Each structure stands twice: as C-alpha cells, then as structure tokens.
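Colleague: Starting off with a structure, shown below.
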Amino acid sequence: MPFTLPPLPYALDALKAKGMSKTTLEFHFGKHHTAYLNNLNGQIAGKELESLGSVEEVMLKSWNGGQPTPEFNNAAQVVNHTFFWESMSPSGGGKPSGKVAEAIDKDLGGYDKFVEAFKAAGATQFGSGWAWLSVNGQGKLEVSKTPNAENPWVHGATPILTMDVWEHAYYLDVQNRRPDFISNFVSNLIDWQRVEQRYLAATSK
Amino acid sequence: MPPPAALHPTACQHQSTLALVDLMRLQSLRALPTLAVWLAVLCAASPARARRLLDDAPAPAPVPSSPAQPFSLPPLPYYYSALEPWIDTETMQLHHDKHHQAAVDKLNAAVANRSSLWFGGDVSQLVRLAGTDAVPAEIAEAVRNNAGGHYNHQVDAGGAEQLFWTLMAPKDDPEDNQPVGELADAIWAQYDSFDAFKQLFNEAAVARSGCGWAWLIIGADKRLSITTTPNQDGPLMAALVPEPGTPVLVVDVHEHAYYLLHRNRRQGYLDSWWNVTNWEQANEYYAAALANY
C-alpha cells in the first residue's frame with residue numbers, strides 16, 4: 001500500500017503572521033514534501049520495503065548502518081518534514097515551560113544557552129540540512145545539526161524539535177538571510193507545548 | 001569586498017546602455033544591426049572590450065591581492081539583467097553579491113595569516129589542496145567550503161578556469177543554443193547527439209540531492225564525463241571527490257541558484273540555463289584542458 005502524508009496541522013496561511021508566508025508553505029508542503037512522498041512510493045513499489053508499516057520503518061531500514069540506500073533520502077525527508085510542521089504553531093514562539101524548560105536548564109544551561117546553540121547549529125549547517133533538539137541515549141537533551149536528509153533518529157536519539165535549513169524553507173521569505181529565518185523560527189514559531197509532549201514521551205520509559 | 005563603484009555594471013547605466021539592454025531583451029537577430037551600430041559608437045579600441053560590451057558590462061579591473069584581502073570578487077562580466085528571462089535579475093544579484101561574496105569573505109578570514117595559501121589570489125591553486133595536509137586542520141572545512149565556493153562561481157582569478165559566471169552569456173538565439181567547435185565534435189562522438197548528452201546531464205543534475213553542482217569534465221584519458229559534487233566541492237579537489245578532472249561546463253544546483261524564479265522546479269531552471277550556456281567559453285576550456293593533458 002502506498003504511504004500517504006498527514007495533512008498540514010494548520011492552514012497554508014496560518015503562519016503568515018508569524019513570518020512564514022503562505023507561498024512558502026504552498027511550495028514546501030505542496031511540492032517538496034509531497035514530491036518526497038510520491039518519489040518514495042515510486043521507489044518502493046513492488047519491493048520488500050513497501051510492506052513495512054510506516055515511513056519511519058522504511059527510513060530506519062534504508063539508513064543501512066550509515067551506507068544509505070536510495071530510498072533513504074525520500075523516506076527521511078518525508079519523516080523530517082512532518083516532524084517540522086508539527087514543531088510549529090500559529091500560536092507558537094515565546095519561551096518553554098514545564099518539564100522541558102527544566103531539562104533545558106539542567107542539561108543545556110538555560111534557555112539563552114539553548115537558543116545560542118540551536119541558532120548556531122542552524123547557521124553553521126553548510127549547504128542543506130536541519131537543526132535539532134533531541135533526547136539522547138542517556139536521557140539528556142542535546143542540540144545537533146545534520147546534513148541533507150540525515151536526522152538523529154538514525155543515530156539512536158529521539159528528536160523533540162526540528163528546524164529545516166534547506167534553502168527552500170526560507171528563500172522566498174528572506175532570500176539568503178538564513179540567520180533572520182532562524183531568529184524568527186526561535187522567537188515566533190516553536191510549538192513548545194508539542195515539544196513538551198514529545199519530551200515527556202521520550203523520557204517516560 | 002564590493003567592486004569599485006566606477007567599474008560596477010550598474011554605474012554604467014546611462015541612456016545608451018539602457019537602450020542596449022532593451023535591445024538585448026528582444027533576443028532577435030533583427031536587433032543585431034542596431035547593436036552593431038551601438039557597438040561602433042560605444043566601443044573602445046580593444047576587441048575584448050567590444051565583446052564585454054555586447055555582454056553589457058565594462059571590463060573588470062584586476063583587483064590586487066592585499067594582506068587583508070588575498071581573494072577578491074570581480075564584478076560579473078555582464079549586467080545582472082543580462083540573462084533575463086532565463087535567469088532573473090534578483091537571483092543574479094543575490095547569487096553574486098551575497099552568496100559568492102560571502103564565500104570570498106569567509107575564505108579571506110580563514111586564510112588571513114597564511115600567505116602560503118594565497119597564490120596571488122588564484123583560488124584554483126588553493127582548491128587543489130582541499131582535503132590534503134597542505135591545508136591546516138583547523139581551517140580545512142572553511143577552505144573546502146569557501147575556496148570551493150569561490151572557485152566554482154568565479155569570474156576571473158587569473159587562472160585558466162573561469163567557471164559558473166563565465167559559462168553563461170546572453171545569446172542571440174537562446175532557444176537554439178548549441179555546442180560549438182571541438183567540444184561539439186567530442187559531445188557528438190561520445191554521446192551520439194547533443195540531446196542525448198543533455199538528457200544525461202539533466203538526469204545527473206536533478207539527482208544531486210541537496211546543494212551542489214553538475215559538471216562536464218575532461219579526465220586524464222581525454223574523455224568527457226558528467227559528474228556531480230555536493231555543496232561546494234569541485235573536480236579539482238582530487239583528494240575529496242570520487243571523479244576528479246578539469247571542468248568544461250558547470251551548473252549550480254543550489255536552491256539559491258533558481259528558487260526565486262523556478263521554485264522547486266530544478267528541471268525548469270535547467271531548461272532555462274541551457275538557453276544561456278556559453279558554449280564558446282566551454283569550448284575554450286575544453287581546448288585548454290586537452291592541451292594540458
């Protein structure tokens with residue numbers, strides 16, 4: 001059975017007031033994310049991978065211990081983008097609270113240090129990639145960056161927040177000014193409630 | 001470092017050259033006689049200047065190396081608008097003035113106290129050392145990324161290779177833009193036809209996921225080869241790329257090269273790029289590379 005995409009969690013123009021334009025979402029979700037899914041379905045048609053239960057499973061299998069097979073790129077980008085939409089909210093932004101805020105204080109030295117590290121991760125990921133906040137194998141929060149389609153899941157960590165820094169994520173809105181995109185994401189877009197939920201799920205075992 | 005204002009193409013936008021730009025936009029052979037008249041009026045003695053005027057820009061003055069700025073960014077060899085409607089003006093401005101400039105600035109910062117890596121501003125020599133012990137570990141990544149970026153785009157570093165910007169030019173008949181010279185012969189001989197070659201090149205360029213470049217290179221065996229590289233790697237980086245060689249033709253497939261006009265449609269961008277490929281220049285690089293092997 002071919003895989004399908006969950007719908008965007010909000011309307012295409014829902015993040016406009018928060019600095020991510022409708023046109024960006026039209027292309028980012030409607031073209032890029034959709035193309036990854038369609039290409040993945042085409043790649044796995046009639047193959048063993050098609051019988052796996054989720055795109056996440058296809059992603060993990062095709063990572064192939066660091067020698068990814070051709071399906072990895074599309075599978076991982078399907079997963080990464082869904083996670084990205086769900087990391088943002090029309091009522092997003094501001095500062096975290098609750099357990100994740102405590103963990104940020106304890107593991108990362110506080111919100112300001114988190115912001116500095118997360119912004120640096122996004123800014124210094126050369127070429128295409130992602131910035132992440134994850135729960136690592138020791139149950140601690142860590143900030144990281146990955147190139148292209150790679151993500152912390154294939155390295156055994158559990159992401160709770162991601163930011164896309166491929167140029168298609170920001171070029172229509174701020175052109176070459178990636179740092180402006182990053183600042184806006186951190187200040188105005190992060191869905192901290194969702195991040196808290198993910199943190200609790202990741203640390204409840 | 002921005003080019004001196006007097007040499008910047010936009011400083012020369014007086015009435016007659018604006019008319020020239022308008023004529024260029026017609027992209028019609030009927031414009032040629034009028035262009036010839038304008039050239040006669042505007043031309044200085046040298047043929048090189050004449051060619052650059054046809055390309056709509058003054059000759060860039062060589063910018064000498066200095067301790068603070070061993071590498072520099074010359075202006076484009078044509079107006080930002082020269083490749084319209086195939087490559088849009090805003091993209092040319094951002095791509096040259098922001099993206100390429102950033103690579104030059106970061107490269108200068110990385111090699112600031114290492115004059116053995118300056119090569120009189122010829123980045124093609126530095127790029128050959130990427131990934132080798134000749135580049136200190138603490139600046140290895142910065143050199144790979146920023147010397148790579150400066151080299152891949154460059155206009156004129158005094159070296160033999162002058163790449164992305166010079167491998168595009170406004171064309172009289174863009175929709176019938178064909179290879180010329182010995183390079184054309186080699187393409188037909190090796191790929192059976194220009195269309196067959198284009199298809200292979202397009203497939204490779206589209207398949208390069210994320211940021212990167214698609215190249216036509218010539219190897220030591222004197223055969224042409226289509227290859228792609230990630231980020232700002234290039235075929236002179238023998239220590240880093242699986243298929244080193246000498247560039248003959250190159251296209252930038254970073255999203256910033258096409259996103260404003262073509263959005264996600266990289267193939268649409270490539271279709272446009274074929275209309276402005278500077279085959280005369282590619283043929284010169286091919287001949288020079290053959291002579292060196």
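Colleague: Using 0.36 nm per residue, how much length does the chain from B:Ala204 to B:Ala102 gain when fully extended, once their Cα-Cα distance is taken away?
Modeller: Between B:Ala204 and B:Ala102, full extension yields 34.0 nm more.
Colleague: Hey, with R₀ at 35 Å, roughly what FRET efficiency would A:Asp173 and A:Asn136 work out to, going by the Cβ-Cβ distance, to 0.05?
Modeller: Working from the Cβ atoms, E equals 0.65.
Colleague: Considering just Cα atoms, how many Å³ per residue does the convex hull of the stretch A:98-203 enclose?
Modeller: Each residue corresponds to 90 Å³ of Cα convex hull volume.
Colleague: Something else about it: Given the options A:Lys18, A:Lys99, A:Lys119, state which has the largest fluctuation in a GNM of chain A using a 10 Å cut-off (strictly under) for Cα springs.
Modeller: Highest fluctuation of the listed residues: A:Lys99.
Colleague: Measure off 7 Å from each Cα along the Cα-to-Cβ vector at A:Asn64 and B:Ala112, then give the distance between these two points in nanometres to one decimal.
Modeller: 4.4 nm
Colleague: May I pose another question? Apply 1/(1 + (r/R0)^6) to the Cβ-Cβ distance of B:Val180 and A:Leu5, taking R0 = 35 Å, and write down the FRET efficiency to the nearest 0.05.
Modeller: The value I calculate is 0.15.
Colleague: How far apart, in nm, are the 7 Å Cα→Cβ label points at B:Glu90 and A:Thr23?
Modeller: 0.6 nm
Colleague: When the solvent-accessible surface of protein heavy atoms is calculated with a 1.4 angstrom probe, in what order do B:Trp118, B:Trp213 fall, highest first?
Modeller: In descending accessible area the options line up as B:Trp118, B:Trp213.
Colleague: Relative contact order for chain A using alpha-carbon pairs under 8 Å, separation at least 6, rounded to a whole percent?
Modeller: Computed over chain A, the figure is 24 percent.
Colleague: When a/c reaches 1.5 or more, the comparison of a/b and b/c decides; with that in mind, is the stretch A:21-85 rounded, prolate or oblate per its Cα gyration tensor?
Modeller: prolate
Colleague: Considering only Cα-Cα distances, which of the following residue pairs are longer than 22 Å: A:Lys18/A:Lys95; A:Lys31/B:Lys198; A:Lys119/A:Lys145?
Modeller: In this structure, A:Lys31/B:Lys198 exceed 22 Å between Cα atoms.
Colleague: Now for a separate question. Per-residue ellipticity at 222 nm for chain A, helices alone: DSSP H runs ≥ 4 residues times -39500 (n - 2.57), over residue total, nearest 500 deg cm²/dmol?
Modeller: -12500 deg cm²/dmol
Colleague: Choose one answer from A:Asn80, A:Asn41, A:Asn151: the residue with the largest mean-square fluctuation in a GNM of chain A with alpha-carbon springs under 10 Å.
Modeller: A:Asn41
Colleague: Just to confirm a number: summing +1 for Lys and Arg and -1 for Asp and Glu over residues other than B:Leu126 whose beta-carbon lies under 12 angstrom from that of B:Leu126, what do you get?
Modeller: It works out to a net charge of +2.
Colleague: According to the Kirkwood expression over distinct Cα-Cα pairs, how big is the hydrodynamic radius of the stretch B:169-264, in Å?
Modeller: Evaluated over the stretch B:169-264, this radius sits at 14.4 Å.
Colleague: Let me ask something else. With a 1.4 Å probe and all protein chains in place, put A:Leu5, B:Leu163 in order of accessible area, largest first.
Modeller: The ranking, largest first, comes out as A:Leu5, B:Leu163.
Colleague: Please name which of A:Ala131, A:Ala11, A:Thr146 has its Cα lying farthest along the dipole of the stretch A:1-152 towards the positive end, using unit charges on Cβ (Lys, Arg +1; Asp, Glu -1) and the Cα centre as origin.
Modeller: The Cα lying farthest towards the positive end belongs to A:Ala11.
Colleague: Under a Cβ-only charge scheme (Lys and Arg +1, Asp and Glu -1), can you give me the dipole magnitude of the stretch A:21-85 about the Cα centre, in debye to the nearest 20?
Modeller: 200 debye
Colleague: Then there is this: Based on the alpha-carbon gyration tensor of chain A and its eigenvalue square roots a ≥ b ≥ c, which shape applies: rounded if a/c is under 1.5, prolate if not and a/b is larger than b/c, or oblate?
Modeller: Taking the square roots of the gyration eigenvalues as a ≥ b ≥ c, chain A is oblate.
Colleague: Using a 1.4 angstrom probe with every protein chain in place, what is the largest-first accessible-area order of B:Thr89, A:Thr203, A:Thr162, A:Thr4?
Modeller: A:Thr4, A:Thr203, B:Thr89, A:Thr162
Colleague: Something else: Measuring from label point to label point, each 7 Å out along Cα→Cβ, what is the A:Ser91 to A:Gln193 span in nm?
Modeller: Rounded to a tenth, the inter-label distance reads 0.4 nm.
The values are calculated or read from the model by the stated rules, or taken from the named source; none is laboratory data. Everything numeric in this text was worked out from a predicted model, so none of it was measured. All Cβ positions, even for glycine, are placed from backbone atoms using ideal geometry, and neighbour counts span all protein chains on display. For accessibility, only protein heavy atoms count, side chains too; no ligands or nucleic acids. Shrake-Rupley method; radii C 1.70, N 1.55, O 1.52, S 1.80 Å.
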